[in-house]
Every structure is written in structure tokens, then in C-alpha cells.
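The values are calculated or read from the model by the stated rules, or taken from the named source; none is laboratory data. Keep in mind the model is a prediction, meaning the values are calculated, not measured. Ideal geometry is used to build each Cβ from the backbone, glycine not excepted, and the neighbour counts take in all protein chains shown.
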Amino acid sequence: MQENFPKHVAVIMDGNGRWATSLGKKRTYGHYIGSLVVDKITKSAAKIGIKYLTLYAFSTENWSRPKSEVRFLMALLKTQLRKKERLFEDNNVKFGVIGNLSAFDSRIVEVINGLIKKTANNNGMKLNLALNYGGKYEIVQAVKKVCEDAKNKYLNIDNIDEKIFERYLYTHDMPDVDLLIRTGGEKRISNFLLWQSSYAEFVFFDKHWPEFTEDDLVAAIDEFKQRKRRFGGL
Ligand code: IPE
Ligand code: IPE
Ligand code: MG
């Protein structure tokens, strides 16, 4: 694998609602089409050789949307997850979730746990779905667990460093984000992978998520390859 190929690609899949509205359709139509793009891009990313793909599907702030939209998103999540087994098997994808699952319906959690178990031995790409994910929440939870372990003497406070702290994040078993893609025209991070994106390269697309294609993913990777990462050095 080339040195300058991104190992971990994260995507803020934004613009579903605006895309649908621009076509005179309901926002929920955009979410549905967007969910089909998730499958397409999962397949493409696995084929291209990306090792870790993290997709932002629902943030800790998205609960503040109208109840009807949240309800639709939860139902969509359930039906889409139920159909994923084949996709993951065919593409050797190992599935995982980052986020606080305690807020979800137990039937959704059941499907998620089933997929994690069934794909545990796949050794191609790791796909992480960010569900009820918030970067600030993740860090605060990690701090709480660190404190707990320090209190119980599993951890010596003097030894806490970045490496040790990272073990308490959802992403403890993966590298930091190399390439962060956001569709939908906004240029912000929206509470996504705050810690893990500290030296990520950002590539923004004006087009909305339902219009995102494999060619766009390849274009983002090509752009990444042109970037000169310095990590604070010279
Ligand atoms: C992203 O699309 C999907 C979720 C946040 C669930 P949006 O729903 O944010 O679409 P826009 O940004 O309003 O167009
Ligand atoms: C970020 O999109 C969250 C997801 C894509 C799941 P939002 O649409 O929620 O972000 P803001 O509100 O524009 O910052
Ligand atoms: Mg949005």
C-alpha cells in the first residue's frame, strides 16, 4: 500500500434534506436515497482498499430535529441494517458502531450486535457507523472512565498520556482519521471525531450526499495524495 494512501477515511454524509427539497420532495426521501449511497460507497471503499471507513449517520444533536424526521430516521436505520448482512459478507467488511447506543430501540441494538458478531472474522475493511455520536460526549465519557480506573487504582494518574487516553475512546482499535470528507457544502466538523481528526486532511464537496459517487471518493483520495502533511514539523 502506498505511503500516502489514507488508511482511515471518515465521511460527514450531509445534505440529504436539502437535496430532496431541491427536487420538490420531502426531506425523508433524501434520507432514503442517502441510505442507498451508503451501500454503494461501502462497496467502493472496500474495493479501493480503504482499511477504515467511518460514516456519520446520526449525531447527538440530531435528536433536536422534528419528531417525525427522527422517527423516520430510526425506522430507516432499522430496515437498512437488517439488509446489510449480504453486503458485508460479499465485501469482507467488518462492522462496528461508534456512539451511545443506549438511546436506541432494543430491536435496533439487537440487529447491530448481530451484525458485529456475524462480521467479526471478516478481515477486509472495518466499517464504523457513527450513531448517536458526538465528539464531546465521547471525550467526556472517556474522561469518566479514566477517573473511575484511577480511583480503582487500575491507572496511575502520572502515567496518563495520549496513548493511554485513546484506549478509552470508541476508536481505541483504529488509527486516527487521515481523510475527512464532508458533502453538502458546509465547512464545519459538527462534533464529529474531534480528537481523532486533529491532523486529518479535509476535503469538502458542494454536492449533497445522495449525489456522491465512487468517482467522488476517488477524487477525494487523489486530492489527499497531493497534500503535504507536516504534523507540526517542517
Ligand atoms: C445528513 O443530511 C443526514 C443526517 C444528519 C441524519 P441532513 O438531514 O443534515 O440534510 P441537510 O443538511 O438538512 O440538507
Ligand atoms: C452532521 O450533519 C451530522 C450527520 C451528517 C449525521 P448536520 O446536518 O447535523 O450538521 P449541522 O447541523 O449542519 O452542523
Ligand atoms: Mg445537514
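What number of residues in the range 109-152 are buried (at least 18 other Cβ atoms within 10 Å of the Cβ) and free of Cβ contacts under 8 Å to residues at least 60 places away in the same chain?
The number of residues fulfilling the criteria is 7.
Out of curiosity, is Leu180 in contact (Cβ under 8 Å) with a residue 12 or more places away in the chain and in a strand (DSSP E or B)? Walk me through it before giving the result.
Working: in contact (Cβ under 8 Å) with a residue 12 or more places away in the chain: yes; in a strand (DSSP E or B): yes.
Criteria met by Leu180.
Answer yes or no: is there a residue in the range 156-165 that is modelled with pLDDT of 95 or more and within 16 Å of ligand 1 (Cβ to nearest atom).
Kept after step one, since they are modelled with pLDDT of 95 or more, are these residues of the range 156-165: 156-165.
Next cut, within 16 Å of ligand 1 (Cβ to nearest atom) only: none.
No: zero hits.
Restricting to the range 183-211, name every residue that is within 12 Å of ligand 2 (Cβ to nearest atom) and either basic (Lys, Arg) or in a loop (DSSP other than H, G, I, E, B) (or both). Before the answer, list the steps.
Taking the range 183-211 as the starting set, the residues that turn out to be within 12 Å of ligand 2 (Cβ to nearest atom) are 183-193, 208-209.
Passing the criteria: Thr183, Gly184, Gly185, Glu186, Lys187, Arg188, Ile189, Ser190, Asn191, Phe192, Leu193, His208.
Would it be correct to say that Arg86 is more than 16 Å from ligand 2 (Cβ to nearest atom), exposed (fewer than 13 other Cβ atoms within 10 Å of the Cβ) and without any contact (Cβ under 8 Å) to a residue 24 or more places away in the chain?
Judged against the criteria, Arg86 is a match.
Among the candidates Lys117, Lys187, Lys163, single out the residue that is of a type in the set (Lys, Arg) and touching a strand residue (DSSP E or B) at 6+ places or on another chain (Cβ under 8 Å). Write out each step before concluding.
Values: Lys117 fails: touching a strand residue (DSSP E or B) at 6+ places or on another chain (Cβ under 8 Å); Lys163 fails: touching a strand residue (DSSP E or B) at 6+ places or on another chain (Cβ under 8 Å).
Testing whether each residue is of a type in the set (Lys, Arg) and touching a strand residue (DSSP E or B) at 6+ places or on another chain (Cβ under 8 Å) leaves just Lys187.
Take Ser64 and tell me if it is within 16 Å of ligand 3 (Cβ to nearest atom) and either at pLDDT below 95 or among the polar types (S, T, N, Q) (or both).
Here the answer is yes, as Ser64 does meet what is asked.
Does Leu115 count as within 16 Å of ligand 3 (Cβ to nearest atom) and part of a helix (DSSP H, G or I)?
No.
Consider only pairs whose beta carbons are under 6 Å apart and that are at least six residues apart or on different chains; among these, list those whose first residue lies in the range 211-234 and is closer than 17 Å to Leu55 by Cβ and whose second residue is of a type in the set (Gly, Ala, Ser).
Glu214/Ser44; Leu217/Ser44
For the range 1-29, which positions are surrounded by fewer than 15 Cβ atoms within 10 Å (Cβ to Cβ) and closer than 22 Å to Phe231 by Cβ?
Matches in the range 1-29: Met1, Gln2, Glu3, Asn4.
Residue-wise test of (1) assigned to a helix (DSSP H, G or I); (2) within 14 Å of ligand 1 (Cβ to nearest atom).
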| residue | (1), (2) |
| --- | --- |
| Gly17 | yes, yes |
| His31 | yes, yes |
| Gly34 | yes, yes |
| Leu55 | no, yes |
| Met74 | yes, yes |
| Glu85 | yes, no |
| Phe88 | yes, no |
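Looking at Asp206, Asp176, Asp216, can you tell me which residue is among the charged types (D, E, K, R) and touching a Gly at 6+ places or on another chain (Cβ under 9 Å)?
Exactly one residue qualifies, and that residue is Asp206.
Can you name the residue in the range 212-234 that is part of a helix (DSSP H, G or I) and touching a strand residue (DSSP E or B) at 6+ places or on another chain (Cβ under 9 Å) and, of all such residues, is nearest to Arg18 (Cα to Cα)?
Result: Asp216.
Among the residues of the range 35-61, what is the count of those that are within 15 Å of Asn132 (Cα to Cα) and either modelled with pLDDT under 95 or of a type in the set (S, T, N, Q) (or both)?
The qualifying residues number 3.
The rows are residues; the columns are (1) surrounded by 15 or more Cβ atoms within 10 Å (Cβ to Cβ); (2) modelled with pLDDT under 95; (3) over 14 Å from the mean Cα position of the chain (by Cα); (4) at negative phi.
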{"site": "Leu73", "(1), (2), (3), (4)": "yes, no, yes, yes"}
{"site": "Val93", "(1), (2), (3), (4)": "yes, no, yes, yes"}
{"site": "Gly96", "(1), (2), (3), (4)": "yes, no, no, yes"}
{"site": "Asn100", "(1), (2), (3), (4)": "yes, no, no, yes"}
{"site": "Arg107", "(1), (2), (3), (4)": "no, no, yes, yes"}
